[in-house]
C-alpha cells in the first residue's frame, strides 16, 4: 500500500508540475503573440511537454486560457490586498490601488489580452467581471481600514461598478493606443473617484486605531 501511495503521489506531483509549466508557457507566449495566433500544441512545445499530455490536462487552448485568467485574477487580488501605508484621503487610497493594478497589467501583457483583448472569449471576460466583485471588495476594505465609510445600501455593488469603470478605461487605452498609457490610468482614477464621490463624502473621519472594521450590506 505504501508503494502504491508513493507512486500515486509522484504521479500527482508530476501532473501539477506539467499543468504549471503549461500555464507559464501560455503566459510567456501571450506576452509576445496575439491570443488567437496560439494553439495548445504551441504551448506544449514551449513547455517541453508531449502534446498528448497537454490535451490530457486541457481539452483545447480555450480551457488553458480560462485557467490562466483565473490565476491572474487571483494574483491581482493578492496584490491589491497588500497593506497600504496611511494615506491622507480615500481618493489617495483609490489612486494607489489603481497604480497597483496598472503596474500588474503593464508587467503582464498576457493578462491584458485575456481580460481586455478583442480576441478573448466572452466567457473568460465574464469570469473576470465576476472577479471584479472581489476586487471591489478589496477597494472597500482598504478604505474602511483607514477611514469610517458611511452606511450605503449595496455598498459592495457601488465598489464593483467603480472597478468596472477602471476596467473600461484600461480597455479603451489598449484599444485606442495598443498599450496602457499614463493618461488613461489617470482617467481611470478620475472616473472611479468621481463615481465613488457621489456616495462618499470627500472628508471621512479617520478610523480610530484598533477599532474593528465592519462591512455594510
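The slack between residue 71 and residue 118, meaning 0.36 nm per residue of separation minus the straight C-alpha distance, is 14.9 nm. A straight chain from residue 16 to residue 207 at 0.36 nm per residue would run longer than the Cα-Cα distance by 64.4 nm.
Residues of the range 78-100 falling in the label zone of residue 31, defined by backbone nitrogen less than 20 Å from a point 7 Å along Cα to beta-carbon, are 78-80, 100. Between residue 191 and residue 46, the FRET efficiency estimated from the beta carbon spacing at R0 = 45 angstrom works out to 0.70.
The separation of the range 34-107 from the range 153-211, counted between C-alpha centres, amounts to 21 Å.
Before rounding to the nearest 500, sum -39500 (n - 2.57) across all DSSP H runs of length at least 4 in the chain and divide by the residue total; then give [θ] at 222 nm in deg cm²/dmol. Here the helix-only value at 222 nm equals -24000 deg cm²/dmol.
Between residue 24 and residue 172, the C-beta separation translates, for a Förster distance of 35 Å, into a calculated FRET efficiency of about 0.75.
Among the listed values (1) 116; (2) 141; (3) 159, the one matching volume of the Cα convex hull per residue in Å³ as calculated from this structure is (3).
In this label model, residue 89 and residue 157 are separated by 2.8 nm, measuring between points 7 Å along each Cα→Cβ vector. Within the listed set 80, 174, 206, the residue fluctuating most in the Gaussian network model of the chain (springs between alpha-carbon atoms under 10 angstrom) is 206.
We did not get these values from a lab; they are worked out from the coordinates using the rules stated. What you are looking at is a predicted structure, and each value in this text was computed from that prediction instead of being measured. Positions of Cβ are backbone-derived with ideal geometry, glycine not excepted, and every protein chain shown enters the neighbour counts.
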